[in-house]
1. What is the local net charge at Phe258, summed over the other residues whose Cβ is closer than 9 Å to its Cβ (Lys, Arg +1; Asp, Glu -1)?
2. Report, in deg cm²/dmol and to the nearest 500, the calculated mean residue ellipticity at 222 nm for the chain, where each DSSP H run with n ≥ 4 adds -39500 (n - 2.57) and the sum is divided by the residue count.
3. May I ask you to derive the FRET efficiency for Met302 and Arg132 from their Cβ-Cβ distance with R0 = 41 Å, giving the value to the nearest 0.05?
4. May I ask which residue of Leu243, Thr117, Gly149 lies farthest towards the positive end of the charge dipole of the chain, with charges of +1 (Lys, Arg) and -1 (Asp, Glu) on Cβ and the Cα centre as origin?
5. Please report the antiparallel percentage of DSSP beta bridges with both residues in the chain, rounded to the nearest 5.
6. Can you tell me which aspartates and glutamates have their Cα less than 15 Å from the Cα of Lys73? Leave out same-chain residues fewer than eight positions away.
7. Would you please state the base-10 log of I(q)/I(0) at q = 0.15, 0.27, 0.29 1/Å for region 217-261, with intensities from the Debye formula using one equal scatterer on every alpha carbon?
8. Based on alpha-carbon atoms only, what is the radius of gyration of region 62-158 relative to the globular estimate 2.2 N^0.38 Å?
Amino acid sequence: MSRYEDLRSNLSARPFRWVVTGAAGFIGSHLVENLISLNQHVTGIDCFLSGKQKNLDEALANAGNQSSFRLIKGDIRDMEICREACEEADFVLHQAALVSVPRSFEEPHLNNSCNVTGFLNMLISARDANVRSFVFASSAAVYGDQPEGPIREDAPLAPMSPYAVAKRAGELYSQVLSGGIRTAGLRYMNAYGPRQDPSSPYSGVISIWTEQLRKGQPLVIYGDGKTTRDFVFVDDIVQANILAAMADQKTLEGGNIFNIGTGVPTDLDRLLSLIVEAARNVRPGIADVTPRYMPARVGDIMHSRADITLARKTLGYEPLYTLAQGLEKTIIEA
Ligand SMILES: NC(=O)c1ccc[n+]([C@@H]2O[C@H](COP(=O)([O-])OP(=O)(O)OC[C@H]3O[C@@H](n4cnc5c(N)ncnc54)[C@H](O)[C@@H]3O)[C@@H](O)[C@H]2O)c1
């Protein structure tokens, strides 16, 4: 049995109290769904900046139990909200953020208040409530543009956007202000899966393309199609959060920052053909797609691929979904 399966069966037998910030968002709602299915008590916080009530409704319906979930409709920029949520919590999974590189350039103060001040409010509230651990979403964006090849956590960092600067600030704050509680930062690569919002130009490419394909709309590739990304299915992100939350102090001594991806690079041209293939498996008869190529966008990095050795060795993290499997699940549930 893997460490994750082992943990899941232990958790089902023992309810803890969890806080999930950004609970109405894409990743947050999957954390809620999984934790509630494991008989855990969850307090979610969300101010609905980008989150949606329907994400939560769907998560709770899938989990089949609403009674052990409580939502605080509030903003992590408000310290009192953060303190109220953390009171008596065992674990905090901090996901809330302004999640957009382009928007962080357009509204750097909003980025800073949500992603730095809001982060600090949650870290300090978790610390003062003496929770067992504080796990937070960082991002591969902290690396900036790197030469092709897997990136290790100790690679030189070169944040290229206000969003990436804020994510790095959170990592550093977690190391100097934890007050002895366990903290772990997860540098997610490109997450995808059901409930990822396709409606904004800032959204993840998989959610946008699956939606455009479904509607028969033209598809755009920014750059020459050779840009690579490490796409990670949302259930593997959930896995990493649960493993990191339950990791003991000794496990985290070798470093508290982990890459969370698959380690497999996929370029955008290949991604498009995999999406079309997965869509055909679900809805036969979909025609070939010729994308339109547009110039790369400011702040977009050329290559991004994780070395996940540290998470594998120390947390027992093992991605469970290939891109083809994850895409099929994403398209079926869309
Ligand atoms: N999706 C990815 O590929 C990816 C990659 C790297 C890192 N991340 C990180 O993962 C986390 C979750 O991202 P997601 O993709 O689910 O995005 P999302 O936009 O779907 O979810 C973010 C949630 O946070 C909420 N939120 C934002 N500001 C808030 C505030 N001030 N107070 C309370 N709630 C607030 C939003 O309403 C939303 O529900 C974020 O921290 C993001 O930076 C995501």
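1. Details: positive: Arg187; negative: Glu153.
In short, 0.
2. Details: 13 runs with 133 residues, N = 334.
So the calculated ellipticity at 222 nm is -12000 deg cm²/dmol.
3. Numbers: r = 39 Å, r/R0 = 0.96.
With R0 = 41 Å, the Cβ-Cβ based efficiency is 0.55.
4. Farthest towards the positive end: Leu243.
5. Numbers: 2 of 39 bridges.
Percentage antiparallel, nearest 5: 5.
6. By straight Cα distance, Lys73 reaches Asp46, Asp57, Glu84.
7. These q points yield log10 I(q)/I(0) values of -0.59, -1.02, -1.07.
8. On the way: Rg = 16.3 Å, N = 97, 2.2 N^0.38 = 12.5 Å.
In units of the globular-protein estimate, region 62-158 measures up at 1.30.
Bear in mind that the values in this text are calculations on the coordinates, not laboratory data. Since the model is a prediction, treat every value here as computed from it, not as a measurement. All Cβ positions, even for glycine, are placed from backbone atoms using ideal geometry, and neighbour counts span all protein chains on display.
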